[in-house]
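One structure is given below, encoded as structure tokens.
The values are calculated or read from the model by the stated rules, or taken from the named source; none is laboratory data. Keep in mind that what you see is a predicted model, and the values were worked out from it rather than measured. Positions of Cβ are backbone-derived with ideal geometry, glycine not excepted, and every protein chain shown enters the neighbour counts.
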């Protein structure tokens, strides 16, 4: 019994030590990161008073008439940010002053890309370390640090999608989820910048016998001809997956498995008829495959 008692006490001691160490580590990283951001803002305040020092660097972009007109703090990802000078007429080609990175496990809270220096407005940046959040608030020329985070408005620099804490989703193999960012402030993927990307089922191959024209990708057949469609798909992880082949003439067929064939006879009551055969999949979460030139086939009946 004494052995069991000592073992339990030792286990509780180790557990308590690990919990305390983790909490101290988290608080240490959070303090360092917020202080790092505070010091960066203080440097911006100093630089804002001598922007003329950067005119020469700005003039390399557009000639002697170009001046340094502002300063910004811009995140290039959730962990790395830069202090930059904004040059007149070249807002998306800033002059880098310094680049800094948070310690591991510290990340900017998503939604903002940083801020453009403006003492007349109140803005903030949120930092998160292992689910613990803190805010660095810029109120005029004063910097305040507080617990928690609630996003405030403010002028933000243009940057990459990941600089906002979002993700560029390849819309063929993924679908965007959550809120979407778009516009000129997104420098790399303004049409597909989302909070997260979820994998979707993907059509790998969709062809037919007879084969379509290799140049136009149009299958030309005579009426009442049987066409055999061949398919090969990646069903993804969220199974079961409903695979539907829409022949384009009002008929559809449900398919099974990752590959197979589907015969179909096309008729036409006119001089010519054009149909579009489309292969789509919907997984168990309701995510549908993308409609692309790989998943569709034009059929011309004459």
If you check residue 240 against the conditions, is it modelled with pLDDT of 95 or more, more than 30 Å from residue 113 (Cα to Cα), out of contact with any helix residue (DSSP H, G or I) (no Cβ under 8 Å at 6 or more places or on another chain) and surrounded by fewer than 18 Cβ atoms within 10 Å (Cβ to Cβ)? no
So, in segment 255-266, of the ones that are part of a strand (DSSP E or B) and in contact with a strand residue (DSSP E or B) (Cβ under 6 Å, 6 or more places away or on another chain), which residue ends up nearest to residue 281 (Cα to Cα)? 255
For segment 138-241, which strands (runs of 3 or more DSSP E) that fit wholly inside it have 2 or more residues that are touching a strand residue (DSSP E or B) at 6+ places or on another chain (Cβ under 9 Å) and closer than 23 Å to residue 73 by Cβ? 142-147, 174-181, 193-199
Please work out if residue 21 is in the same structural domain as residue 85 (by TED's automatic domain parsing) and either touching a residue at least 12 places away in the same chain (Cβ under 8 Å) or closer than 24 Å to residue 100 by Cα (or both). no
Within segment 261-277, residues surrounded by 14 or more Cβ atoms within 10 Å (Cβ to Cβ) and either more than 20 Å from residue 214 (Cβ to Cβ) or modelled with pLDDT under 95 (or both) come out as 262, 264, 266, 268, 273
On the basis of being without any contact (Cβ under 8 Å) to a residue 60 or more places away in the chain, surrounded by fewer than 10 Cβ atoms within 10 Å (Cβ to Cβ) and assigned to a helix (DSSP H, G or I), does residue 3 make the cut? yes
Could you check residue 287 against (1) within 25 Å of residue 199 (Cα to Cα); (2) at pLDDT 95 or above; (3) buried (at least 17 other Cβ atoms within 10 Å of the Cβ) and say which number it fails? (2)
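Conditions (1) out of contact with any helix residue (DSSP H, G or I) (no Cβ under 9 Å at 6 or more places or on another chain); (2) in the same structural domain as residue 193 (by TED's automatic domain parsing); (3) touching a residue at least 24 places away in the same chain (Cβ under 8 Å); (4) buried (at least 21 other Cβ atoms within 10 Å of the Cβ), marked per residue:
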{"site": "84", "(1), (2), (3), (4)": "yes, no, yes, yes"}
{"site": "92", "(1), (2), (3), (4)": "yes, no, yes, no"}
{"site": "95", "(1), (2), (3), (4)": "no, no, yes, no"}
{"site": "99", "(1), (2), (3), (4)": "yes, no, no, no"}
{"site": "121", "(1), (2), (3), (4)": "yes, no, yes, no"}
{"site": "127", "(1), (2), (3), (4)": "no, no, yes, yes"}
